[in-house]
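Before any comments, here is the structure.
The values are calculated or read from the model by the stated rules, or taken from the named source; none is laboratory data. Computed from a predicted structure; not experimentally measured. A quick note on method: Cβ atoms are made from the backbone with ideal geometry, for glycine too, and the neighbour counts reach across all protein chains shown. The area values use the complete protein model at the heavy-atom level, side chains included, leaving out ligands, DNA and RNA. Shrake-Rupley method; radii C 1.70, N 1.55, O 1.52, S 1.80 Å.
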Amino acid sequence: MRLDAQWITGFVDGEGCFQVGIRARPEMAPGYQVLPEFTVVQHERDVQVLHALKAHFGCGVVRKNHGDRMAYRVRDHRHLLEHIVPFFVKHPLKTSKNVDFLKFRDIVLMMDEQVHLTSEGIEEIRSVAAGMNRGRSR
């Protein structure tokens, strides 16, 4: 199954999620780990679409999410930076999910500049991430 860019953009607008977790990790430099993730979840009967996304982007994994749901996930920073972010910059989302993507992109770029390795950087990332998804004013 080959997917075109417009279809992917529309599908991710409806079914995708850009999220950033921040987990306490005392063994890491500032005591926290920043975990950006791009995810698309589908019922297992439509798993072929998730595999097509993985083939299109050339990265990520398709795994069981929970119950009868499967997920395509990209967590690797380099893959996010080199595959996912450039795609959605070139093919912008049409809904308010684009606001989440732009914040996600900013965090991925901050991580590329090693901002997440300082306490101040963690707080800056935490502030940006707090305005994403459910934290975003509607």
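Could you check the range 1-34 and list, in sequence order, the residues that are within 17 Å of Glu124 (Cα to Cα), loosely packed, with under 13 Cβ neighbours inside 10 Å and within 19 Å of the chain's Cα centre (by Cα)?
Those that are within 17 Å of Glu124 (Cα to Cα), loosely packed, with under 13 Cβ neighbours inside 10 Å and within 19 Å of the chain's Cα centre (by Cα): Gly21, Arg23.
Among Ala29, Ala55, which is among the aliphatic types (A, V, I, L, M), assigned to a helix (DSSP H, G or I) and over 19 Å from Asp13 (Cβ atoms)?
Ala55
Could you tell me how many of the residues in the range 35-68 are out of contact with any Asp or Glu (no Cβ under 8 Å at 6 or more places or on another chain), surrounded by fewer than 17 Cβ atoms within 10 Å (Cβ to Cβ) and acidic (Asp, Glu)?
Here the count works out to 1.
What are the pairs, 6+ residues apart or on separate chains, where a residue within the range 10-23 that is in a strand (DSSP E or B) has its Cβ under 6 Å from a residue that is acidic (Asp, Glu)?
As it stands, the answer is Phe18/Asp100; Gln19/Glu37, since those pairs meet every condition given.
Would you check which residues across the range 105-118 are open to solvent by 40 Å² or more (accessible area, probe 1.4 Å) and either of a type in the set (D, E, K, R) or within 15 Å of the chain's Cα centre (by Cα) (or both) and list them?
Arg105, Asp106, Leu109, Asp112, Glu113, listed by residue number.
Any residue at all in the range 81-98 that is among the hydrophobic types (A, V, I, L, M, F, W, C), farther than 15 Å from Gln6 by Cα and open to solvent by 60 Å² or more (accessible area, probe 1.4 Å)?
no
Determine which single condition Leu102 fails, assuming it passes every other condition in (1) hydrophobic (A, V, I, L, M, F, W, C); (2) within 15 Å of Met132 (Cβ to Cβ); (3) open to solvent by less than 40 Å² (accessible area, probe 1.4 Å).
Of (1) hydrophobic (A, V, I, L, M, F, W, C); (2) within 15 Å of Met132 (Cβ to Cβ); (3) open to solvent by less than 40 Å² (accessible area, probe 1.4 Å), only one is false for Leu102: (3).
Take the residues in the range 9-55 that are of a type in the set (A, V, I, L, M, F, W, C) and in contact with a Ser or Thr (Cβ under 9 Å, 6 or more places away or on another chain), then tell me which one is nearest to Pro86 (Cα to Cα).
Phe18
List pairs: first in the range 49-60 and touching a residue at least 12 places away in the same chain (Cβ under 8 Å), second outside any helix (DSSP H, G or I) and basic (Lys, Arg), Cβ under 6 Å, 6+ apart or cross-chain?
Filtered contacts from the range 49-60: Gly60/Arg73.
For the condition under 24 Å from Arg25 (Cα atoms), open to solvent by 70 Å² or more (accessible area, probe 1.4 Å) and of a type in the set (D, E, K, R), what is the one hit in Arg73, Arg134, Arg126?
Exactly one of Arg73, Arg134, Arg126 is under 24 Å from Arg25 (Cα atoms), open to solvent by 70 Å² or more (accessible area, probe 1.4 Å) and of a type in the set (D, E, K, R), namely Arg126.
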